[in-house]
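Everything below concerns the one structure shown next.
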Amino acid sequence: MDALDVLWRLLAVLLAFLVLPLLVGQAEHKAMAHMQGRVGPMYAGGFHGWAQLVADGVKFAQKEDIVPSGADRRVFQLAPAVALLPYLVVLIVIPVGDGDMVGQVVDAGVFFVLAVMGVGVLGSLMGGWASANKFSLLGGLRTAAQLMAYELPMLLAAASVAMAAGTLSLPGILDAWQWWWLPWQIVGGLVFFTAGLAELQRPPFDAPVADSEIIFGAYTEYTGLRFALFLLAEYAGIVVLSALTAVLFLGGWHGPFADTLGWVWTLLKTAVLAFVVIWLRVSYPRLREDQIQRVAWTVLVPLALFQIALTGVVKVVIQ
Amino acid sequence: MTLTEAGHGAVAEAAAHPGFLSPTGVEIVFVLVGLATLGAAVVTVTTKKLVHAALWLVAALGGVAVEYLLLTAEFIAWVQVLIYVGSVVVLLLFGLMLTKAPIGPSPDADSGNRPVALAAALVSAATLVTLVVDAFRTTWIDLGTTGRGSTRVTGEALFRGWVLPFEALSVLLLAALVGAIVLSRKGKAARPGDGHGGGGTRTSGHGRTGRDGEAQG
Amino acid sequence: MAVPGAGLAKGLAVTLRTMTRRSVTAHYPDVQPELPPRSRGVIGLFEENCTVCMLCARECPDWCIYIDSHKETMPAAAPGGRERSRNVLDRFAIDFALCMYCGICIEVCPFDALFWSPEFEYAETDIRDLTHERDTLREWMWTVPEPPALDAAAEEPKEMAAARKSAEKLAAKEAGEGQRPSGGPPSASPPRSSGATPPSSGSTPPSPSAERPGRAEGEGDA
């Protein structure tokens, strides 16, 4: 792997990082609008408002960058970067196609992904504390509580797949993947996806940013580009979560004509899952804080443990 | 554990010791990251701002993870990030937020037993350094041969050679878990119990009036 | 509802079904809205019906109607008769910056001189331009649509009934006169047809005639 190759891969990952979240955001604008009987943005860019998020970005860039006078300046300014960068790093290890179509093969890929995604939440905590605002603090508290509750089922569900494949590497898991893993790991997949939603603070698990209760949680005091970075982190998180679920539980590039069209399958599965994320946001009301905790500890953790037991039993039986 | 195994395997390689005078790039990076980690750790314990201390702890733990990576112990590195940065520090921050850590410096955070803490730190550091130096001495790990710290090697070492300590640790953690549950349940059960006791006295106290009321009714 | 998660699935189905249907959004600047008659857009003035009775200006809750007039004396209609005086309208203006679109002026006008028009695109950059003078108010008049048709079983409007009665009376008289001299068939024009087309019918605005400017001009004026 020479320097040029590395450069190309990093460029491709960066491009995906810059484009895919915007696509998801635009899809959310339009899909959510139509699900609510509206049409969404129609003007920016001419055709059905395709450039709405570009326009939003320009608007955010023009806004004044305000740091509250009572805030902890350094931490406040650092928080958006801490929230956003982990998702960029995670994208490097997600395999898009068979063989070489991955930014970098990491031996303990599953652990790497989950570890780095957990770091991203630190950004919300830093922002929540450093804003010197009670709503931000409440948002930060809820973020931390939610993260601690949902990290465990997510990890257990991912561990189930790793057990089934006998490896922690994402391309390795895909190489071992068979179609019948789909029903076998379906419970784990559901747990993983749900816990991921909660970790991203997406509705219906958006109590940490509940705008009708605590303004906008940890992001209350943010404006301009820094706020845009937090938003971008949320959508990058959707991309990463959808891609990870597709890779771990839906077989990634597996599908008809996988040897030539593998990457299309990965992108397609990711897109469908991203649509489901949007769909869930439109369909369900926000869970209360205690309901969120109850779902994690009394539903997801037992389900994930059951999945691990099932995986172990089947694994032993087929050997 | 990996290091000891590697150490046993690398005794033969120790003869071909490359020496410290012509450090490779990895070694230079290792030392630099180590210094940065040490600096972050020192700031962690000296800063007057509570949340800053927690965030510097993130830097220190991240530095340790990078050191693991440089030693090709990939799995350990990511677990370090996952557990310490992702969970332990989040728990710390959660606690700090619950206790309303102020934005500025908190002067009452200094507990006054600085010398004791310093002494304890120095003693434990000395013990650990002596132990590690004595255990490995001139052991040399050739980073070029991959797979020394890979997940597979770590897993096999953990579940073949070191399975007893692993299980002992599991039992310890399970005990802690059960203890936590018992504590939380006892607290919950005690309150209704207290309520019952109070209620009991109250009913006995109010019993007469209640009976009076019934009699009147 | 025995199946767990049935409610969740139902919620998903609702949103998905809504997504496949046409949205209800009104594409306003691109597509003009279809507003029904009597929509409270703007008030038009049919000057010829105005007698300067000032009822509208007096009833207006926020005093946004300005009326100036003077009296003119008309020569007697018959020789030796009394001179008649008549009010002539000098100014009629509605300040739409003040108007709250309650429609009381239109309700109280005894001579059907004021009408609701559904036109609403008359925003201005200067608030003074929102005071529409009588020429502008007349232009709005041509945008007033026909009132909706009455219900099938509805009572006939009073004006219609009165007009029909007089027309029938006239027709009967004509028929009586015609029978005596000629004894031919009854009048060629049946009474119903003459009664069905009265010149003005109730609150119906006068239908635009050829000399009146079209709607486009009215818009341009706004």
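The values are calculated or read from the model by the stated rules, or taken from the named source; none is laboratory data. These figures come from a predicted structure and were not determined experimentally. Because the Cβ atoms are built from the backbone with ideal geometry, glycine has one as well, and the counts that use them run over all protein chains shown.
Given the residues C:Arg91, C:Arg38, C:Arg82, which is the only one that is assigned to a loop (DSSP other than H, G, I, E, B), touching a residue at least 40 places away in the same chain (Cβ under 8 Å) and of a type in the set (Lys, Arg)? Give the derivation first.
Working: C:Arg91 fails: assigned to a loop (DSSP other than H, G, I, E, B); C:Arg82 fails: touching a residue at least 40 places away in the same chain (Cβ under 8 Å).
Sole residue among the options that is assigned to a loop (DSSP other than H, G, I, E, B), touching a residue at least 40 places away in the same chain (Cβ under 8 Å) and of a type in the set (Lys, Arg): C:Arg38.
Mind listing whichever residues of the stretch C:104-143 are part of a loop (DSSP other than H, G, I, E, B) and in contact with a Lys or Arg (Cβ under 9 Å, 6 or more places away or on another chain)? Walk me through it before giving the result.
Kept after step one, since they are part of a loop (DSSP other than H, G, I, E, B), are these residues of the stretch C:104-143: C:109-113, C:118-126, C:133, C:142-143.
Correct list: C:Pro118, C:Glu119, C:Phe120, C:Glu133, C:Trp142, C:Thr143.
Out of B:Leu93, B:Leu98, B:Leu70, report the one residue that is over 25 Å from B:Ser150 (Cβ atoms), surrounded by fewer than 19 Cβ atoms within 10 Å (Cβ to Cβ) and touching a helix residue (DSSP H, G or I) at 6+ places or on another chain (Cβ under 9 Å). Steps first, answer last, please.
On the way: B:Leu93 fails: surrounded by fewer than 19 Cβ atoms within 10 Å (Cβ to Cβ); B:Leu70 fails: over 25 Å from B:Ser150 (Cβ atoms).
Only one candidate qualifies: B:Leu98.
Name the single residue that is nearest to the chain's Cα centre (by Cα) among those in the stretch A:234-275 being without any contact (Cβ under 8 Å) to a residue 60 or more places away in the chain and under 16 Å from A:Gly172 (Cα atoms).
A:Thr245
One line per residue, one yes/no per condition, for (1) at pLDDT 90 or above; (2) part of a loop (DSSP other than H, G, I, E, B); (3) crowded, with 24+ Cβ neighbours inside 10 Å:
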position: A:Phe192; (1), (2), (3): yes, no, yes
position: A:Ala195; (1), (2), (3): yes, no, yes
position: A:Pro203; (1), (2), (3): no, yes, no
position: A:Pro208; (1), (2), (3): no, no, yes
position: A:Glu213; (1), (2), (3): no, no, no
position: A:Glu221; (1), (2), (3): no, yes, no
position: A:Val239; (1), (2), (3): yes, no, yes
position: A:Ser242; (1), (2), (3): yes, no, yes
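This table checks each residue for (1) touching a Ser or Thr at 6+ places or on another chain (Cβ under 7 Å); (2) within 30 Å of A:Gln36 (Cα to Cα); (3) within 14 Å of chain A (Cβ to nearest Cβ).
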residue	(1), (2), (3)
C:Pro4	no, yes, yes
C:Leu8	no, yes, yes
C:Tyr28	no, yes, yes
C:Gln32	no, yes, no
C:Ser39	no, yes, no
C:Asp62	no, no, no
C:Ile65	no, no, no
C:Asp90	yes, no, no
C:Ala113	no, no, no
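Within the stretch A:22-32, does at least one residue satisfy the condition of being within 27 Å of A:Ala207 (Cβ to Cβ), within 14 Å of chain B (Cβ to nearest Cβ), surrounded by fewer than 18 Cβ atoms within 10 Å (Cβ to Cβ) and not aromatic (Phe, Trp, Tyr)?
no
Could you list, in sequence order, the residues of the stretch A:285-306 that are buried (at least 16 other Cβ atoms within 10 Å of the Cβ) and within 14 Å of chain C (Cβ to nearest Cβ)?
Residues satisfying the conditions are A:Arg286, A:Leu287, A:Val295, A:Leu303.
Are any residues in the stretch C:16-26 out of contact with any His (no Cβ under 9 Å at 6 or more places or on another chain) and at the interface with chain A (Cβ under 8 Å from one of its Cβ atoms), and if so, which ones?
If the condition is that a residue be out of contact with any His (no Cβ under 9 Å at 6 or more places or on another chain) and at the interface with chain A (Cβ under 8 Å from one of its Cβ atoms), then C:Leu16, C:Val24, C:Thr25 are the ones that fit.
Can you confirm whether the stretch A:17-30 contains a residue that is farther than 29 Å from C:Ala26 by Cβ and either over 21 Å from the mean Cα position of the chain (by Cα) or modelled with pLDDT under 85 (or both)?
no
Could you tell me whether any residue of the stretch C:161-171 is closer than 23 Å to C:Gly44 by Cα and surrounded by 13 or more Cβ atoms within 10 Å (Cβ to Cβ)?
Kept after step one, since they are closer than 23 Å to C:Gly44 by Cα, are these residues of the stretch C:161-171: none.
No, there is no match, as no residue in the stretch C:161-171 is closer than 23 Å to C:Gly44 by Cα and surrounded by 13 or more Cβ atoms within 10 Å (Cβ to Cβ).
For the stretch B:66-139, which fully contained helices (runs of 4 or more DSSP H) count at least 1 residues that are within 14 Å of another protein chain (Cβ to nearest Cβ) and under 23 Å from A:Ala83 (Cα atoms)?
The qualifying helices (runs of 4 or more DSSP H) are B:74-80, B:89-98.
Count, please, the residues in the stretch A:90-122 that happen to be part of a helix (DSSP H, G or I) and away from chain B (no Cβ under 11 Å).
3
Within the stretch A:177-200, is there a residue that is more than 20 Å from A:Phe60 (Cβ to Cβ), in contact with a Pro (Cβ under 9 Å, 6 or more places away or on another chain) and not aliphatic (A, V, I, L, M)?
Within the stretch A:177-200, one or more residues are more than 20 Å from A:Phe60 (Cβ to Cβ), in contact with a Pro (Cβ under 9 Å, 6 or more places away or on another chain) and not aliphatic (A, V, I, L, M).
Those residues that are assigned to a helix (DSSP H, G or I) and within 12 Å of chain A (Cβ to nearest Cβ), I need them from the stretch B:32-52; list them, please. Full working, then the answer.
Of the residues in the stretch B:32-52, the ones assigned to a helix (DSSP H, G or I) are B:32-46, B:50-52.
Once the filter is applied, which keeps residues that are assigned to a helix (DSSP H, G or I) and within 12 Å of chain A (Cβ to nearest Cβ), the stretch B:32-52 yields B:Leu50, B:Val51, B:His52.
Determine which member of the set A:Ala157, A:Ala149, A:Ala145 is in contact (Cβ under 8 Å) with a residue 12 or more places away in the chain and facing another protein chain (nearest Cβ under 10 Å).
A:Ala145
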